[in-house]
1. Conditions first: (1) over 22 Å from Asn180 (Cβ atoms); (2) within 18 Å of the chain's Cα centre (by Cα); (3) within 16 Å of the ligand (Cβ to nearest atom); (4) in a strand (DSSP E or B). Val43 passes all but one, so which condition is the exception?
2. Please tell me if Glu168 is surrounded by 19 or more Cβ atoms within 10 Å (Cβ to Cβ), of a type outside the set (Gly, Ala, Ser) and at positive phi.
3. Output the helices (runs of 4 or more DSSP H) that fall wholly within region 48-161 and possess 1 or more residues being in contact with a Pro (Cβ under 7 Å, 6 or more places away or on another chain), or say none.
4. Report, ordered by the first and then the second residue, all pairs with beta carbons closer than 6 Å, sequence separation of six or more or different chains, a first member in region 131-145 that is among the aromatic types (Phe, Trp, Tyr), and a second member that is open to solvent by less than 60 Å² (accessible area, probe 1.4 Å).
5. Contact list please: Cβ distance under 8 Å, first residue in region 80-104 and surrounded by fewer than 18 Cβ atoms within 10 Å (Cβ to Cβ), second residue aromatic (Phe, Trp, Tyr), pairs at least six apart or on different chains.
6. May I ask you to list the residues in region 123-138 that are at pLDDT 95 or above and either open to solvent by 60 Å² or more (accessible area, probe 1.4 Å) or over 17 Å from Leu103 (Cα atoms) (or both)?
7. For Gly61, are the conditions met, namely being closer than 23 Å to Val159 by Cβ, within 16 Å of the ligand (Cβ to nearest atom) and open to solvent by less than 30 Å² (accessible area, probe 1.4 Å)?
8. For region 181-191, state whether one or more residues are closer than 28 Å to His38 by Cα, part of a loop (DSSP other than H, G, I, E, B) and in contact (Cβ under 8 Å) with a residue 24 or more places away in the chain.
Amino acid sequence: MSNPPGATPLIQLRGITKVYGEGATAFQALKGVDLDIHQGEFVAIMGPSGSGKSTAMNALGLLDTPSSGQYLFQGVHVESLSRDERARVRRRYFGFVFQGFNLLARTSAQENVELPLVYRGEPAAKRRQMAAGALEAVGLKGWEHHTPGELSGGQQQRVAIARAIVTEPAVLLADEPTGNLDTKRSEEIMELLWRLNVEQGITVLMVTHEPDMAAYASRLVRFVDGVVANDAPNANRARPQAPAVQEAD
Ligand code: ADP
């Protein structure tokens, strides 16, 4: 599902820098990042703490603006867009998954997943149908009416993934998505992300500290000290053991 060689990359970063603060306390977190990401890739972003991974993810997801450099999304210069236009691109094309799940407590899985569709102004019937489909896709059919407190960590992260994919994004950004989970649940989440990438063609960009989780990616990018120090295909990509998403909680 990757674009043919020569096709315009989905995302192009050119000389991206990010400086936090000003004057004597200014800190340059990104020092000139060049990165091309093609549709259908699954990129694991690795590197030591403080190397700029989260800063790069925030820039990639249009959550924060770089200090300088160029960002092209589908060939369009994002830095020339207004704040509203950038937000529209973000809502239309990106889904986000975080380490801490970030679900609304005392709100059912179904309603959590419907939330981005509420913002998008979808009618209730369509919201219900799309959210149910997304929950089924992450292996949570039958759990629609449970609240986060009634779900395990692995299930909560699946709800968060359902919420991220319900808008049918081109890109899923995941920042340490298995950071709060044990090994078994982590592997289940990675198998789910693998399926979304390979079977549905969603481009996945994931920050992780864990080589076992990065193993599911098709490409490994390593940040060191605010620059990309290594960037290579993953020759030994892991794949799911189970035939389909299993609800094991
Ligand atoms: P990583 O995700 O690789 O751990 P980050 O991108 O979070 O790295 O941070 C890179 C550097 O930028 C770190 O030294 C961090 O302290 C600094 N930094 C991150 N966010 C801010 C901020 N909002 N203000 C000031 N410094 C920041």
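The values are calculated or read from the model by the stated rules, or taken from the named source; none is laboratory data. These figures come from a predicted structure and were not determined experimentally. So basically every Cβ, Gly included, is an ideal-geometry build from the backbone, and we count neighbours across all protein chains shown. Each accessible area value is taken on the protein alone, full model and side chains, heavy atoms only, with ligands, DNA and RNA left out. Shrake-Rupley method; radii C 1.70, N 1.55, O 1.52, S 1.80 Å.
1. (1)
2. Details: surrounded by 19 or more Cβ atoms within 10 Å (Cβ to Cβ): no; of a type outside the set (Gly, Ala, Ser): yes; at positive phi: yes.
Spelling it out, it is not the case that Glu168 is surrounded by 19 or more Cβ atoms within 10 Å (Cβ to Cβ), of a type outside the set (Gly, Ala, Ser) and at positive phi.
3. Numbers: elements: 53-60, 83-93, 109-119, 124-137.
Answer list for region 48-161: 53-60, 83-93.
4. Pairs that qualify, where the first residue is among the aromatic types (Phe, Trp, Tyr) and the partner is open to solvent by less than 60 Å² (accessible area, probe 1.4 Å), are Trp143/Ala109.
5. Pairs that qualify, where the first residue is surrounded by fewer than 18 Cβ atoms within 10 Å (Cβ to Cβ) and the partner is aromatic (Phe, Trp, Tyr), are Val89/Phe73; Arg91/Tyr119.
6. Kept after step one, since they are at pLDDT 95 or above, are these residues of region 123-138: 123-136.
Of everything in region 123-138, those that are at pLDDT 95 or above and either open to solvent by 60 Å² or more (accessible area, probe 1.4 Å) or over 17 Å from Leu103 (Cα atoms) (or both) turn out to be Pro123, Ala124, Ala125, Lys126, Arg127, Arg128, Gln129, Met130, Gly133, Glu136.
7. On the way: closer than 23 Å to Val159 by Cβ: yes; within 16 Å of the ligand (Cβ to nearest atom): yes; open to solvent by less than 30 Å² (accessible area, probe 1.4 Å): yes.
Taking the combined requirement at face value, the residue satisfies it.
8. Step one: of region 181-191, the residues closer than 28 Å to His38 by Cα are 186-191.
Next cut, part of a loop (DSSP other than H, G, I, E, B) only: none.
The answer is no, given that none of the residues of region 181-191 is closer than 28 Å to His38 by Cα, part of a loop (DSSP other than H, G, I, E, B) and in contact (Cβ under 8 Å) with a residue 24 or more places away in the chain.
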